[in-house]
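What follows is a short report on a single structure.
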Amino acid sequence: MSSDIIIHEPFETAARQKVAVPFGVWSFLATECLFFGGIFLFYAYARWHGGEAFSAGAKETDIWFGSANTFILMTSSLTMAIAERATKEGLVRLARWMLWATIGFGLAFLVVKGFEYRKDISEHLIPGPHFKLEQGPAAQFWAFYWTVTVTHAIHLTIGLGVVGRLLWIDRRGDLAPHATTAEGTALYWHLVDIVWVILYPLLYLVGRP
Amino acid sequence: MSPNTQEGIVDRELRSPSYLQNGTTIRSWLLTTDHKRIGILYAMSITFFFFLGGIAATLIRLELISPTGLFLTNDEYNRAFTLHGIVMVWFFLVPSIPTTLGNFLLPMMIGAKDVAFPRLNLMSWYLFIAGGLLTVLALIAGGVDTGWTFYTPFSTLYSNSHVLLAAMGVFVVGFSSIATGVNFIATVHLLRAKGMTWMRLPLFGWAMYTTSLVMVLATPVLAMSLLLVVAERAFGLPIFDPRSGGDPLLFQHLFWFYSHPAVYIMVLPAFGVVSEIITCEARRRIFGYQFMVYAMVVIAVIGFMVWGHHMFVSGQSAFASLVFSFLSFVIAVPSAIKVFNWTGTLYRGQIRFSAPMLYALGFIGLFTIGGLTGLFLASIPIDVDLTDTYFVVAHFHYIMVGGSVSAFFGGLHFWWPKITGRMYSERLAQFAAISMFFGFNFTFFPQFIMGWMGMPRRYHLYAPEFQPWHVMSSMGAVVLAFGYAWPVFYLGWSLFKGQRAPDNPWDATGLEWQTRSPPPKENFDRTPVVTDGPYKYHPQDSTPHEVEQAQAPQVP
């Protein structure tokens, strides 16, 4: 447990070193909030000005894909939370399984998203010359859809990378002393989930009774 | 010799080598996690970009000598000033003081061995280099013509230049800023030495801390606005395109939400540097330490609420303009407090007119002029008249070049003996500082006058009555260029032939001076313990009451 922590360079005490990674990640999450805040501002503007036409664009999204992905990602949050707590308690085996499960759910999300993209593309939902709907607020909705979901998917992919890194640390047999790394990873993973929780109603529930 | 190292001096042979001798291969530099070495890597990189941006400035000033232009086409001129802006803002000014002096000094000033996340620190340098390469690539491919502001719809729908490459370069370099910011915030919170309370932090530490807050909270918004530009330009997604109901003003709001606070990213570190130099070279405690701290915090916070003053003529609501104008006046108050307090620090000091001090005093004057002309531009009726004239150009150069770059050079000289372990030639350095001050004023003061007369910015063909002012400005730029290039020679010379620097050549009180020059890799031979506030340049109660009361606890 905590006494296992190896103190490395700039730190003098284990107590300080333990808070460092979560502290740094929290600061970075502040950055992420403002990053996504920028595109949410675009959404608020476009929806406010677009009115009915904007919601009409939103009706074209596939709620089944969206809901399935919400379910998958929420479950991955649970497995990630268990993995983090298990690492802290030294239950390495449980942590390992839960990390693999998290990676599995993350990949499942991307696969579902891929099928959804295929459907969107076949229905000409990319703004441009062959766009299914009228140019205007509906096209703005879809500009938001593509930009934000791709940005989110990139975040998720980075998340898979950092969770994969924990598994790699585990392969070295080193997981238990890395509880703070697990905590930082979990914080980032949950941020990616929370962004999706906000995106789900914005993308899939708008314009639906 | 400082008191800390005097008792029980370790044998020279037994002491660990300095950070410069601790590994001399290229690999040991490129994979280093030592904050001091990363500071040096950054210093070399930003020096390259400073001269790249300087070349563009030279082209601009040459071209403007004649009202009909000398040798550039319209398009080439656009690309020259865009390159100048992008390189100078994101690849020199924003990283300048924090990543070089900040990286080197912040951990030492708070008595730490390194920053909180040494590997993240190295990663930030590689991100900087990656972003720099993308931008250089954009330049080699033919350049960008949007101006540094990337305003839509021109940047997304019409420009035929390499906007995508440049935008991605700035996007990437933004994350290097964020990494530095996160690192510094964690460092100040977690790694202060025993006894180094918040109110004993040197003002440079506070400056780095407040700058980092702004970096972490503002830069992501720039990243998103550039991402949206890329989405619209590369993939044709209608985001700001008015034909689909988009609003180019939205881009301006997002852009300035970063780019106004970015001004404070550039100038807050300068405040820190100047506070260190003035106290040491005037042998005075800082006048009103607590208010200096509050002023920086207030500037960092209100800096987020004034971006709309860049948009008075863009068509935002009159009410919004009113509020932004008011807040822009408000932020002048803490800035003025700082200027008065620096001046108050000089009172009854024993001033040494050394090179760093000349730079610092130059900073105060130029920053004051820049700040006061900022109030002209914060007044809506005057701004409507002066928008996009050389008055604006002169104003922000007074803040960013007269202010920040002077402070950067001052800091570079002040800490040069600590960083390199060598002394530079004081006379030659004083000459550089003075030429920079006069060169700067010769270059930019005429721009206030011609701007007031109506000379628009970003034009290279102009009415002949402006020519005398442009020629004056270009002549001044020659002096200024000398002021920048000259230190390269004598500082370069000092690296090889300069006298060995003692540990504390200026008799300064900061922790960074209480160790060797150049410092060992761990910064200190023994971990420092802090028992007192900063700037103890004279004993308490040795001064008249009106000076003393500045040190008394202040109840806000």
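Rule-based calculations on the coordinates, nothing more; no lab input. Model, not experiment: these values are computed from the prediction. No Cβ is skipped: glycine too gets one built from the backbone with ideal geometry, and neighbour counts run over all protein chains shown.
Structure data summary
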item	result
Region A:26-205: relative contact order in percent, alpha carbon pairs under 8 Å with at least 6 residues between	34
Share of Cα-Cα pairs in region B:194-332 lying beyond 27 Å, as whole percent	36
Footprinting exposure proxy for B:Lys536, A:Lys88 (fewest neighbouring C-beta atoms within 10 Å first)	B:Lys536, A:Lys88
Inter-centroid distance (Cα atoms) of region B:239-278 relative to region B:337-356, Å	31
Chain B: C-alpha pair distances exceeding 41 Å, %	20
Computed P(r) (all Cα pairs; region B:122-178; 5 Å bins; percent)	5, 22, 27, 20, 15, 8, 2, 0
Förster radius 25 Å - calculated FRET efficiency between A:Ile6 and B:Val297, Cβ distance, rounded to 0.05	0.10
Separation of the B:Ala130 and B:Asn74 label points, Cα + 7 Å toward Cβ, nm	3.9
Distance cut-off 13 Å, percentage of C-alpha pairs in region A:106-155 lying past it	60
Charge-dipole axis of region B:5-105 as Lys and Arg at +1 and Asp and Glu at -1 on Cβ define it, positive-most pick from B:Gly53, B:Ile26, B:Pro98	B:Ile26
Amide proton proximity set for B:Thr389, modelled H, under 5 Å, gap of 5+	B:Arg457
Sites A:His49 and A:Lys132, calculated FRET efficiency, Cβ-Cβ separation with R0 25 Å, nearest 0.05	0.75
Dipole in debye (nearest 20) - region B:284-439, about Cα centre, beta carbon charges: Lys, Arg +1; Asp, Glu -1	900
Spin-label proximity, B:Arg352 to region B:279-309 - amide N less than 11 Å from point 7 Å beyond Cα toward beta carbon	B:280-283
Largest-first principal axis extents of the Cα set of region B:48-134 (Å)	58, 25, 14
Global form of region B:495-540, assessed from the alpha-carbon gyration tensor, a/c cut-off 1.5	oblate
Most fluctuating residue given options A:Trp48, A:Trp146, A:Trp100, as computed from a GNM of chain A linking Cα atoms under 10 Å	A:Trp48
Mean shadow area of region A:15-107 over all directions, Cα convex hull, nm²	8.3
Cβ-placed point charges (K, R +1; D, E -1), dipole of region A:26-205 about Cα centre in debye, nearest 20	440
Mean shadow area of region B:71-218, taken as a quarter of the surface of its Cα convex hull (nm²)	9.7
Other-chain or far-sequence residues with amide H under 5 Å of B:Arg422's (modelled H)	B:Ala501
Phi-based couplings in Hz for region B:139-153 (Karplus 6.51, -1.76, 1.60; Gly and Pro marked x)	5, 5, 5, x, x, 10, 10, 8, x, 5, 8, 6, 4, 8, x
Sorted by Cβ neighbour density within 10 Å, fewest at the top, the residues B:Met208, B:Met357	B:Met357, B:Met208
Cross-link pairs B:Lys113/B:Lys497; B:Lys36/B:Lys113; B:Lys194/B:Lys536; A:Lys18/B:Lys113; A:Lys88/B:Lys113; A:Lys59/A:Lys132 - those with Cα-Cα distance over 21 Å	B:Lys113/B:Lys497; A:Lys88/B:Lys113
Simple label model, 7 Å out from Cα along Cβ direction - B:Phe235 to A:Lys59, nm	2.5
Coarse-grained scattering of region B:133-242 at q = 0.13 Å⁻¹, given as base-10 log I(q)/I(0) from a Debye sum over alpha-carbon atoms	-0.60
Whole-number Å³ per residue for the convex hull built on Cα positions in region B:406-535	156
Cubic angstrom per residue, convex hull over Cα atoms of the protein assembly as shown	175
FRET E, pair B:Val313, A:Arg93, Förster distance 51 Å, beta-carbon r, rounded to 0.05	0.20
Contour minus Cα-Cα distance for B:Trp29 and B:Ile382 (0.36 nm per residue)	121.9 nm
Burial ordering of B:Lys36, A:Lys59, fewest other beta-carbon atoms within 10 Å first	A:Lys59, B:Lys36
In nm, spacing of pseudo-spin labels at A:Ile198 and A:Trp168 (7 Å Cα→C-beta vector)	3.0
Rh by Kirkwood over Cα pairs, then Stokes-Einstein D for region A:26-205 at 1.567 mPa s and 4 °C, µm²/s	74
Given charges at Cβ of Lys, Arg, Asp, Glu: region A:26-205 dipole, positive-most of A:His190, A:Ala143, A:Ile169	A:Ile169
Selection of trypsin sites (Lys or Arg not before Pro), region B:113-214, meeting DSSP coil and at most 15 other Cβ within 10 Å	B:Lys194
